[in-house]
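The values are calculated or read from the model by the stated rules, or taken from the named source; none is laboratory data. These numbers were taken from a predicted model, which means no experiment stands behind them. Cβ placement follows ideal geometry from the backbone for every residue including glycine, while neighbour counts extend to all protein chains displayed. Ligands, DNA and RNA are excluded from the accessible area calculation, which covers all protein heavy atoms including side chains. Shrake-Rupley method; radii C 1.70, N 1.55, O 1.52, S 1.80 Å.
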Amino acid sequence: MNIRHILLKDVVSFGIGGEADIVILSKEEDIVEAYEYAKTNNLKLHILGGGTNTVFKDGHSNTLVAKMEMNGQTIDDSLQKTENTEDVFITAMAGEDWDGLVKYAVENNLWGIENLSYIPGTVGASPIQNIGAYGAELSNVVFSVRAYDSVRNEFVNMKKEECDFGYRDSIFKKNPNRYCIVSVTFRLLKNGKPVLFYKPLDKLKDKKDLTLKDIREEIIKIRSSKLPDHKEYPNAGSFFKNPILSRVESEELCKRYLTAPIFKVSNGYKIAAAWLIEHVASMKGVRSGNVGTWPAQPLVIVNYGNATFKELEDFSNTIMKTIENNAGIRLEREVNFVE
Ligand code: EPU
């Protein structure tokens, strides 16, 4: 096993993190070896994909970081036959770039992931937090996930139903680092329908001969205008989840804030965290030292310079405390903080 010592801030999009050992995973055997090495040497193991949703602490880490770099993707004809369907099954390895897969699907006229265009990160990370955007969620197109289960010490093929998907949640998120995702099989549609009910997309509704490419281009336009490019302004996308309120909580909030944007979802009432940050905490576009909320989308916190973990933690705690004190709502981090 080839172990290197690195600065973690160099391998994550937030640009924060101290020193640790890193090992590259290029094949299934590497995964088993990495878990064994970590166990023998009393290290925690952390599987890293693109590093676009992770923040490591400063200082020396007692973690062995295992970077997933298994690549490749194939169309699975045998599945198509056994499932007796017109759909197309694509298996992509965990280390593949997520947006590369979306681009491939769009160019090959396969429906299902176009609304998830331009999300940074890898295929292997996508089921962990069940990535979602513009009315689409990964779980809608996942057929199965292959992973190494470090508790059972074996590779497992999990059907979508076994993945326990929820809003930015899954069995993988609930059991951090128990599973190392190896590949994901997606079921895409040759003949799909556009999902355009999210506000910024509804202008495409009347477009004649709307193509997958039109949808992808529009989403890239929207995302580039609202979300900072992490190569220029290091960040990890949405920093918090959108909280789900009970009916009573949502009614209370509406009484105090007449314009609160609340959306009915299956398990309650979703309130936009960006709105809470802007209107309840008055912290849109606010900067504190090297960190700050992005002026065009305050749900994103950016690293404006050499931000430390402590700075980021304090700033995000201030946002959380202010919203809790003013509206009684507890925000939950969406970004992964790793010891
Ligand atoms: N809003 C404000 N002020 C702002 C921006 C937004 O009040 O400056 C309010 C508006 O009411 C707006 C609402 O927040 O309608 C929702 O904003 P937006 O549509 O931009 O999306 P979001 O709920 O803030 C979620 C995802 C994003 C995803 C977008 C698009 C989460 C935590 N975030 O953000 O995902 O791209 O929807 O569908 O669910 C990510 O996970 O990293 C991510 C970027």
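Counting pairs of Cα atoms in the stretch 1-129, how many percent are more than 18 Å apart?
Working: 4942 of 8256 pairs.
Taking all Cα-Cα pairs of the stretch 1-129, the fraction more than 18 Å apart is 60 percent.
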Problem set entry | Solvent exposure, largest accessible area first (probe 1.4 Å, DNA, RNA and ligands not counted), of Tyr104, Tyr269 | Tyr104, Tyr269
Problem set entry | Most positive-pole-ward Cα, Thr52, Leu110, Thr91, against dipole of the stretch 1-160 from beta carbon charges | Thr52
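Give me the percent relative contact order of the stretch 126-198, please, defined on Cα pairs under 8 angstrom at least 6 residues apart. Don't skip to the end; give the middle numbers.
Details: 113 pairs, mean separation 29.1, N = 73.
Normalised by residue count, the contact order of the stretch 126-198 is 40 percent.
Could you report the stretch 109-161's accessible area per residue, 1.4 Å probe, as an integer in Å²? Working shown, then result.
On the way: 1910 Å² over 53 residues.
Averaged over the residues of the stretch 109-161, the accessible area is 36 Å².
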Seminar exercise, completed: Shape descriptors of the stretch 89-211 over alpha-carbon atoms, Rg and Dmax in angstrom, are 15.0, 53
Exercise. Calculated FRET efficiency, Glu162 and Thr85, Cβ-Cβ r, R0 25 Å, to nearest 0.05?
Worked result: 0.80
Exercise. How much area per residue is accessible in the stretch 300-339 when the probe is 1.4 Å and only protein heavy atoms are counted (Å²)?
Worked result: 48 Å²
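Using only alpha-carbon positions, what ratio does the radius of gyration of the stretch 9-74 give when scaled by 2.2 N^0.38 Å? Working shown, then result.
Values: Rg = 12.3 Å, N = 66, 2.2 N^0.38 = 10.8 Å.
This ratio for the stretch 9-74 stands at 1.14.
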Exercise. Any idea what log10 I(q)/I(0) is at q = 0.07, 0.13 Å⁻¹ for the chain, Debye with uniform C-alpha scatterers and no solvent?
Worked result: -0.31, -1.08
Exercise. Dipole of the chain (Lys/Arg Cβ +1, Asp/Glu Cβ -1, origin at the Cα centre): which of Gly17, Gly237, Val286 lies farthest to the positive side?
Worked result: Val286
Problem set entry | Size of charge dipole - the chain - debye, nearest 20, with Cβ of Lys, Arg +1 and Asp, Glu -1, no other charges | 1060 debye
Problem set entry | Simple Cβ-charge dipole of the stretch 46-155, Lys/Arg +1 and Asp/Glu -1, about Cα centre, in debye nearest 20 | 400 debye
For this session: Considering the options Val248, Leu227, Ser139, tell which one lies farthest towards the positive end of the dipole of the chain, charges being +1 on Lys and Arg and -1 on Asp and Glu at the Cβ, about the Cα centre.
Result: Val248
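Looking at the square roots a ≥ b ≥ c of the eigenvalues of the Cα gyration tensor of the stretch 68-123, which shape do they give, rounded for a/c under 1.5, prolate if a/b is larger than b/c, or oblate? Could you put the intermediate results ahead of the total?
Details: a/c = 2.76, a/b = 1.41, b/c = 1.96.
Oblate, since a/c reaches 1.5 and b/c is not below a/b.
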Exercise. If you take the square roots of the eigenvalues of the alpha-carbon gyration tensor of the stretch 191-339 and sort them as a ≥ b ≥ c, do you get rounded (a/c under 1.5), prolate (a/b over b/c) or oblate?
Worked result: oblate
For this session: State, to one decimal in nm, how far the label point of Glu332 lies from the label point of Lys27, with both points 7 Å from Cα in the Cβ direction.
Result: 4.0 nm
For this session: Jot down the radius of gyration and Dmax of the stretch 127-271, Cα atoms only, both in angstrom.
Result: 18.4, 53
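Compute the FRET efficiency between Glu339 and Lys203 as 1/(1 + (r/R0)^6), taking r as their Cβ-Cβ distance and R0 = 45 Å, and round to the nearest 0.05.
Values: r = 45 Å, r/R0 = 0.99.
Working from the Cβ atoms, E equals 0.50.
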Exercise. Could you work out the helix-only [θ] at 222 nm for the chain, with each DSSP H run of four or more residues adding -39,500 (n - 2.57) and the total divided by the number of residues, to the nearest 500 deg cm²/dmol?
Worked result: -7000 deg cm²/dmol
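Can you give the direction-averaged projected area of the convex hull of the alpha-carbon atoms in the stretch 127-180, in nm²?
Details: hull surface 13.5 nm².
For the stretch 127-180, averaging the hull's shadow over all directions gives 3.4 nm².
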Problem set entry | Distant-in-sequence amide H partners of Gly192 (H built 1.01 Å from N, under 5 Å) | Trp111
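Can you sort Thr74, Thr211, Thr52, Thr82 by 1.4 Å-probe accessible area, starting with the largest? Please list the in-between numbers first.
Numbers: Thr74 85, Thr211 60, Thr52 25, Thr82 110 Å².
Descending accessible area places them as Thr82, Thr74, Thr211, Thr52.
Given a Förster radius of 25 Å and the C-beta distance between Glu217 and Ala296 as r, what FRET efficiency does 1/(1 + (r/R0)^6) yield to the nearest 0.05? Can you show the working numbers first?
On the way: r = 19 Å, r/R0 = 0.77.
E(calc), rounded to 0.05, equals 0.80.
Suppose the chain between Phe263 and Asn2 were pulled fully straight at 0.36 nm per residue; how much longer would it get relative to their current alpha carbon spacing?
Details: separation 261, 0.36 × 261 = 93.96 nm, distance 4.90 nm.
Answer, rounded to one decimal: 89.1 nm.
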Seminar exercise, completed: Percent antiparallel among DSSP beta bridges confined to the chain, nearest 5, equals 75 percent
Problem set entry | Fraction of accessible area attributable to carbon and sulfur, the chain (%, probe 1.4 Å) | 47 percent
Problem set entry | Point-to-point label distance, Lys226-Gln73, nm (Cα→Cβ direction, 7 Å offset) | 2.4 nm
